[in-house]
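Structure first, then comments.
The values are calculated or read from the model by the stated rules, or taken from the named source; none is laboratory data. Worth saying up front: this structure is predicted, and the values here are computed from it rather than measured. Positions of Cβ are backbone-derived with ideal geometry, glycine not excepted, and every protein chain shown enters the neighbour counts. Note: areas computed on protein heavy atoms with side chains; ligands, DNA, RNA excluded. Shrake-Rupley method; radii C 1.70, N 1.55, O 1.52, S 1.80 Å.
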Amino acid sequence: MSYELVDGRVVTPEGCELNVAHHCNLGCASCSHLSPVFRRSVVDPEVVRRDLGLLARFLRARFVKVLGGEPLLHKQLVPILDIIRESGIAPRVLVCTNGVLLPRMRDDFWSRVDEVEVSIYPGRELSDDELAHVRRQAERHQTTLTVSYYSHFRYSYSEVGTEDARLVEQIFTTCQVAHVWRCHTVYEGHFFRCPQAVFLPRVIGRPEDPWADALPIEDRPDLAERLLAYLTSPRPLAACRNCLGSAGRRMPHHQLPRAEFLAPQRRPTEELLDREFLARLADEPDHDDGCAVADPEDWRARVHGVRERI
Ligand code: SF4
């Protein structure tokens with residue numbers, strides 16, 4: 001499925017993302033949203049109201065995914081969930097979390113979300129009791145609960161980047177974030193094709209305009225046409241020069257002290273890329289990236305196997 005223009009609005013077959021807290025309570029190596037480098041930083045609910053209220057006139061999504069950083073760190077998360085619902089931009093509201101704070105969330109949270117996606121990481125798993133409590137809460141509020149267990153991550157970006165334009169094009173065209181999952185992101189009055197285009201320029205500190213990859217969310221009659229042209233453009237983004245798309249080298253998932261987060265990425269794109277997976281994605285755009293499993297027993301076996309090899 002692709003994008004369509006229906007009654008003056010672009011209809012996307014996937015969602016629209018909102019990073020409500022850019023910082024995180026974990027420090028996952030090569031986090032693709034680069035959260036470990038952000039100090040406490042949250043979105044203003046009134047900015048969300050303004051952006052989604054305007055964008056909803058020109059865009060229709062299947063869902064809004066609320067994430068971060070760690071979204072449960074935002075103290076005004078519940079009002080933000082209401083604002084998203086009121087905007088009418090999508091019929092479903094999802095929250096994507098590492099789960100650490102999930103057992104503490106109260107009924108006012110659970111009653112406002114259609115789905116909670118939990119990503120569990122080695123050493124940061126919920127206890128059996130906590131998970132059972134979370135499952136009961138989800139059931140009580142008829143909230144869909146999806147739990148994914150991560151044993152691996154892929155390098156997400158390179159501080160050095162590459163000058164090889166053909167390689168940048170390959171990374172962009174095989175990028176699942178942009179073309180399969182379509183993680184289109186609303187940030188501070190702007191619409192981005194992917195969250196990496198928001199965060200990479202801000203962290204790498206390159207001289208280019210940090211808004212270079214953005215489309216301003218403006219009240220103008222041709223915004224839907226501009227959105228459609230933006231979303232279907234075959235041109236890589238400026239951020240793709242430093243991004244590894246979906247084809248970074250796979251590594252065992254691990255936590256890093258925040259001060260050590262940047263160092264592993266201080267190598268050129270060429271050294272951090274999984275060429276074999278890049279080629280595979282060209283043939284199978286939605287090929288599994290080998291990082292997560294749904295079955296906790298499979299995950300424990302994988303994590304145990306990784307630890308044994310370390
Ligand atoms: S910056 Fe480019 S390669 Fe990276 S996620 Fe965005 S579109 Fe994909």
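Here are the numbers for the structure shown:
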quantity	calculated
Prolate/oblate/rounded label for the range 145-254 (Cα gyration tensor, a/c 1.5)	prolate
Long-range amide H partners of V95 with built H, under 5 Å	V66, E115, V116, E117
Spin-label model distance (nm) - R62 vs S148, 7 Å beyond Cα toward Cβ	1.4
For peptides 128-134, 176-182, sequence by mean Cβ density within 10 Å, most packed first	176-182, 128-134
The chain: most fluctuating residue of T97, T146, T173 per GNM, C-alpha cutoff 10 Å	T146
GNM flexibility winner over the chain from A224, A279, A197 (Cα, springs under 10 Å)	A279
Residues R249 and W211, FRET efficiency given R0 of 41 Å [Cβ-Cβ distance, rounded to 0.05]	0.85
Amide H contacts under 5 Å for S158, placed H, 5+ residues apart	C243, L244
Whole-percent carbon and sulfur share, accessible surface of the range 8-138, 1.4 Å	47
Pairwise FRET efficiency - D107 versus V180, Cβ, R0 = 22 Å, nearest 0.05	0.05
Label-point gap, in nm, between D219 and D128 - each point 7 angstrom along Cα→Cβ	5.7
Solvent accessible area, Å² - V11, 1.4 Å probe, full protein context	50
Considering only the chain, percent of DSSP beta bridges that pair antiparallel, nearest 5	45
Centre separation in Å (Cα based) which lies between the range 77-93 and the range 150-169	33
Principal semi-axes in Å for the chain [√(5λ), Cα gyration tensor, largest first]	28, 27, 18
Nonlocal amide H pairs with L59, under 5 Å, H built at 1.01 Å	V10
Three-way shape call for the range 148-212 based on the alpha-carbon gyration tensor, with the a/c threshold at 1.5	rounded
Most fluctuating residue given options N25, N98, N242, as computed from a GNM of the chain linking Cα atoms under 10 Å	N25
Å² of accessible area per residue within the range 4-309, as computed with a 1.4 Å probe and no ligands counted	46
